[in-house]
Amino acid sequence: MKYIPDQIFIEPEVETSFYTQKVLSKFQDVQRRVLPQGDGLKLLEETTRNLFKGKKTLFLKAFHAEPAKICPGYSDQVLCCNYYVINLIENCPLECSYCILQAYLNKTNLTFHVNVEEIMRKTAELVKSQPNRPFRIGTGEHSDS
């Protein structure tokens, strides 16, 4: 399946980023809109309430939290397996009825965190800060990796 969005929403801060420009050049004929500062997310949510329409909406934004987070199944009662997740993408364009993402995520649009270099740099810093600890890193918590 080749994914082609119906519309692309862009956070103002990533409008000129490398991956934003790469995506926009791939989908030159797709309607695009830079979200206004402040109320932009509200506009995106109103536009993509419908699940099917939401999956045809691509949202390009920056990820500002710590990108590599410990496995969501970890607790104090379990031995940690050193598995971390990075969420470069949120959601999936497919409509698989068995997929947990349909219920797990509380948003309908497909999101790509375009500040990939920053995410990779911060993840590398985490790994380097603990040189004697093994790390396993995956990408499938918020998307179909």
Exposure-ranked with fewest Cβ neighbours within 10 Å first, 3, 84, 98 stand as 98, 3, 84
Simple SL model, points at 7 angstrom along Cα→Cβ for residue 117 and residue 78; separation in nm is 3.6
Karplus-derived 3J(HN,Hα) from phi for the range 123-139 (6.51 cos²θ - 1.76 cosθ + 1.60, θ = phi - 60°), whole Hz, x at Gly and Pro, runs 5, 4, 4, 4, 5, 5, 6, 9, x, 8, 9, x, 10, 10, 10, x, 10
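Each value in this text was obtained by applying a stated rule to the coordinates, not by laboratory testing. Nothing here was measured: the structure is a model prediction, and the numbers come from that model. Here Cβ is always computed from backbone atoms with ideal geometry, including for glycine, and neighbour counts include all displayed protein chains.
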